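Notes follow once the structure below has been shown.
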Amino acid sequence: MSENGYEIPPDGEVLACIDASVYADSVADHAAWAAQRLGAPLQFLHVLDRKEHSTASADYSGNIGLEAQAELLQELVELDQKRSRLSAEHGRLLLARARERAAGAGLAAAGGLQRHGSLVETLAGLESGTRLFVVGKRGEAADFDKGHLGGNLERVARAVHRPLLVASRAFRAVERFAIAFDGSPTTRKCVQMVAQSPLVRGLPCHLVSAGDGGGALAEAQARARALLAAAGFEVEASIVPGEAESVIGGYVREHGIDLLVMGAYGHSRVRQLIVGSTTTAMLRSCRVPVLLLR
């Protein structure tokens, strides 16, 4: 399977990004679920951002003597080194906890990887061997910034070309999923990818669209439903009047959907980043995991 010219390796790994946020355990649980469904190796990743340890490069010396200035700078260097060591040790503990959760879910061979640098650059470097990325909706400041998506999530969604599973605050078993379908080339491709992937195979599928129920959208949805049915899915298709943001969110709540699948891009204004206003709204408001496909 290819995605915008990027070949997705069928034997690639599930790569889950772990940090110190309240989403860490949920990311581990979602990643373990996905790896089991895909039959793929699981790797946990913790990235140490160099920007967090730039104390020594700052000049706090002011207008003091040269000897005192040298002593202060040396202390700052030592403090920076100590912080780096503590952050690395903290990261190892986070990875160990994630691997323990994966082992508890039946994946004893999950790996742990720690890297220095930016998250986006690190993921780009690892993308060729990755089948699915898993990230949390928000980062370490999640409880203090509930109305906004994590900055890293937005940057990752812009940069990566692999499917991206955005974990919800807590994991629950996925028993049914929905595809947000607008008839665009991206969402038609989403349907094709879902039909070919073992990730949700055998689960009841809801194909939901926002619109007036007629014309090109109805024809496109009928074709999508037929493709999914041919792949063995039990499909319930609906076209609900209203705006996509409210229709999809309401449908997820009312039908007990456990996973929402969306295209990273869609029609007109939905072509805005992150991936578009509809996707951004769903990521912000939905309490279920969201699988972003391109």
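Taking the criterion of being among the β-branched types (V, I, T) and in a helix (DSSP H, G or I), would at least one residue in the range 194-209 satisfy it? Please lay out each step first, then the result.
So in the range 194-209, the residues among the β-branched types (V, I, T) come out as 194, 200, 208.
From the residues that got through so far, the ones that are in a helix (DSSP H, G or I) too are 194.
So far as the range 194-209 goes, yes, one or more of its residues are among the β-branched types (V, I, T) and in a helix (DSSP H, G or I).
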Whether any residue in the range 271-281 is modelled with pLDDT of 95 or more and open to solvent by 10 Å² or more (accessible area, probe 1.4 Å) is what I want to check. no
So, first residue more than 14 Å from S21 (Cβ to Cβ) in the range 144-159, second residue modelled with pLDDT under 65 and open to solvent by 40 Å² or more (accessible area, probe 1.4 Å), Cβ within less than 9 Å, six or more apart or across chains; the pairs are E154/L273; A157/L273; R158/L273
**Message:** Based on this model, can you work out whether E154 counts as assigned to a helix (DSSP H, G or I), modelled with pLDDT of 95 or more and open to solvent by 20 Å² or more (accessible area, probe 1.4 Å)?
**Reply:** no
field: Residue within the range 8-19 that is open to solvent by 50 Å² or more (accessible area, probe 1.4 Å) and at pLDDT 95 or above present
entry: no
Of (1) over 24 Å from M262 (Cα atoms); (2) at pLDDT 90 or above; (3) open to solvent by 50 Å² or more (accessible area, probe 1.4 Å), S128 satisfies every one except (1)
- Taking the stated definitions as given, is A110 within 20 Å of the chain's Cα centre (by Cα) and closer than 16 Å to A24 by Cα? yes
L93 passes all but one of the listed conditions (1) modelled with pLDDT of 90 or more; (2) outside any helix (DSSP H, G or I); (3) not hydroxyl-bearing (S, T, Y); the exception is number (2)
Scanning the range 82-95 for residues that are within 22 Å of the chain's Cα centre (by Cα) and open to solvent by less than 80 Å² (accessible area, probe 1.4 Å) gives G91, L94, L95
Within the range 235-258, of all residues that are under 21 Å from A195 (Cβ atoms) and in contact with a Lys or Arg (Cβ under 8 Å, 6 or more places away or on another chain), the one surrounded by the most Cβ atoms within 10 Å (Cβ to Cβ) is I257
Within the range 96-119, of all residues that are in a helix (DSSP H, G or I) and free of Cβ contacts under 8 Å to residues at least 40 places away in the same chain, the one most open to solvent (accessible area, probe 1.4 Å) is E100
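Considering only residues that are crowded, with 18+ Cβ neighbours inside 10 Å and either more than 16 Å from I18 (Cα to Cα) or not polar (S, T, N, Q) (or both), which ones fall in the range 162-174?
Just the residues of the range 162-174 that are crowded, with 18+ Cβ neighbours inside 10 Å, to begin with: 162-168, 171, 174.
Selection gives R162, P163, L164, L165, V166, A167, F171, V174.
Of all residues in the range 20-36, count the ones that are open to solvent by 20 Å² or more (accessible area, probe 1.4 Å) and modelled with pLDDT under 95.
2
For the range 37-67: of the residues being at pLDDT 75 or above and part of a helix (DSSP H, G or I), which is least open to solvent (accessible area, probe 1.4 Å)? So that I can check it myself, show each step before the final result.
Of all residues in the range 37-67, those at pLDDT 75 or above come to 37-49.
Now restrict to residues that are part of a helix (DSSP H, G or I): 37-38.
On the way: R37: 79, L38: 21 Å².
Applying the filter and picking the extreme gives L38.
The values are calculated or read from the model by the stated rules, or taken from the named source; none is laboratory data. The structure displayed is predicted, hence computed values, not measured ones. No Cβ is skipped: glycine too gets one built from the backbone with ideal geometry, and neighbour counts run over all protein chains shown. Heavy atoms of the whole protein, side chains included, go into the accessibility calculation; ligands, DNA and RNA do not. Shrake-Rupley method; radii C 1.70, N 1.55, O 1.52, S 1.80 Å.
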